[in-house]
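Chemist: Got a structure here, written out as structure tokens. Questions coming.
The values are calculated or read from the model by the stated rules, or taken from the named source; none is laboratory data. As the structure is a computational prediction, the values presented were derived from the model and not from experiment. Note that each Cβ is placed from the backbone with ideal geometry, even for glycine, and that neighbours are counted across all protein chains shown.
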Amino acid sequence: MTMSIRIEKSGALKPKPDEDKLGFGSYFTDHMFLMNYDTDKGWHDARIVPYAPLQFDPAAMVFHYGQAIFEGLKAFRTNDGRILLFRPDKNAQRFNRSCERLCMPEIDEETFVEAIRAIVRVEADWVPAKAGASLYIRPFIIATEPALGVRPSKSYLFAVILSPVGNYYGEGLKPVNIRVESDFVRAVRGGIGNAKTAANYVGGLKAQEIAAADNCAQVLWLDGVERKYIEEVGSMNVFFKINGKVITPALNGSILDGVTRQSVIRLLEEWGIPVVEAKIAIDDVLAAVKDGTLEEAFGTGTAAVISAVGGLHANGSMHVINRGEIGELTSRLYDAITGIQAGKLEDSLGWTVDCG
Ligand SMILES: *Cc1c(COP(=O)(O)O)cnc(C)c1O
């Protein structure tokens, strides 16, 4: 499918923010990509228009029954001035898996990636040049039909907005503490945990507040049935290095299939470092911290890329990992992925896509 995109340029461009003070998701660019769906016409009216508030009927189904899916990826400026996306095809595939689960219309992969390339090209001046900074890309889809019957909506809006973001870590990778949550759960098998949907986030806010009160940056989620097996860390996938072997929870239906997770597994295989996907009991991890065989722990996700875990807060006490320092493999993975993303290291796996 080749899509024609109408482009309406903004007459009043915003001043660009200071690249040293971007933070995450605070600034938005001058334009956005929009496309509508209804059951008669399918996807239509692809357009890039000035960034502005959207208007919906108060009965729009997204406000009532939560049909909302999003994605997250980044565009990077290389030293020679090109703009690269990191594995956008993976986001397109996951977007469609989420759509399928939530009874929302899929968008073919090429159209999804082309929409992103087109809006990033229009906003090329917004891609930060500063090392570690990038342009965060947030595609999303919501149900727009005004109706209160409980059933899938007949109309949808797909949008892509962009936000210049700073290096997640002001100065270097700082390990964070994680609170093991043994009461609330994020998702259950058969639910929507493996879809990237808004509903999974609202369910997690309460535990996030409790973790913050315990001086922890994130929640470690356990399985919804036995509260025994590790699922994810906040909105990141999680890895442990125990006795030289890397282990991460196997995708079981309630865990989100992260692009960064896939990339870490692939790199470890390339490097000849054993990596297994398995069921991991929290008690085994805490025992490994205690007997010193747990060498490193880290979370993976687009926003932070790799986030070192410095301690696990469980049963009222803090279990410190690797003396609270960042591990060797953790920083090697961070350097490799961010290096490929920014075009500084050779992309031998063909992960980056030029926006030009
Ligand atoms: C987005 C997300 C991740 C990380 O996925 P990436 O594709 O690596 O950014 C992990 N867990 C949850 C719950 C997420 O929503």
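Chemist: Please verify whether region 135-156 includes one or more residues that are in contact with a His (Cβ under 7 Å, 6 or more places away or on another chain) and part of a strand (DSSP E or B).
Modeler: no
Chemist: Also: Going through ILE69, ILE48 one at a time, which residue ends up being in contact with a Lys or Arg (Cβ under 7 Å, 6 or more places away or on another chain), surrounded by 18 or more Cβ atoms within 10 Å (Cβ to Cβ) and touching a residue at least 24 places away in the same chain (Cβ under 8 Å)?
Modeler: After ruling out the rest, the residue left standing is ILE69.
Chemist: Here's a follow-up. Counting only residues that are assigned to a helix (DSSP H, G or I) and touching a strand residue (DSSP E or B) at 6+ places or on another chain (Cβ under 9 Å), which one in region 96-113 is farthest from SER254 (Cα to Cα)?
Modeler: Only one residue tops the list, namely THR111.
Chemist: Could you look through region 252-266, keep only residues that are more than 11 Å from the ligand (Cβ to nearest atom) and either in a loop (DSSP other than H, G, I, E, B) or under 17 Å from the mean Cα position of the chain (by Cα) (or both), and pick out the one that is nearest to LEU73 (Cα to Cα)?
Modeler: For region 252-266, the residue satisfying everything is ILE265.
Chemist: Here's something else I'd like to know. If a residue counts only when it is under 19 Å from THR300 (Cα atoms), touching a Gly at 6+ places or on another chain (Cβ under 7 Å) and within 16 Å of the ligand (Cβ to nearest atom), which strands (runs of 3 or more DSSP E) contained entirely in region 177-246 have at least 2 such residues?
Modeler: 218-222, 237-242
Chemist: As an exercise: evaluate ARG117 against (1) under 19 Å from the mean Cα position of the chain (by Cα); (2) part of a strand (DSSP E or B); (3) farther than 19 Å from LYS21 by Cα and give the number of the one condition it does not meet.
Modeler: (2)
Chemist: Filtering region 45-77 down to residues that are under 20 Å from ALA124 (Cβ atoms) and among the aromatic types (Phe, Trp, Tyr), which residue is farthest from the chain's Cα centre (by Cα)?
Modeler: TYR51
Chemist: Suppose the filter is surrounded by fewer than 17 Cβ atoms within 10 Å (Cβ to Cβ), outside the structural domain of ASP80 (by TED's automatic domain parsing) and either at pLDDT below 95 or over 19 Å from PRO175 (Cα atoms) (or both); does ASP283 pass it?
Modeler: yes
Chemist: May I pose another question? Of the conditions (1) within 13 Å of the ligand (Cβ to nearest atom); (2) surrounded by fewer than 18 Cβ atoms within 10 Å (Cβ to Cβ), ALA278 clears all except one; give me its number.
Modeler: Failing condition for ALA278: (1).
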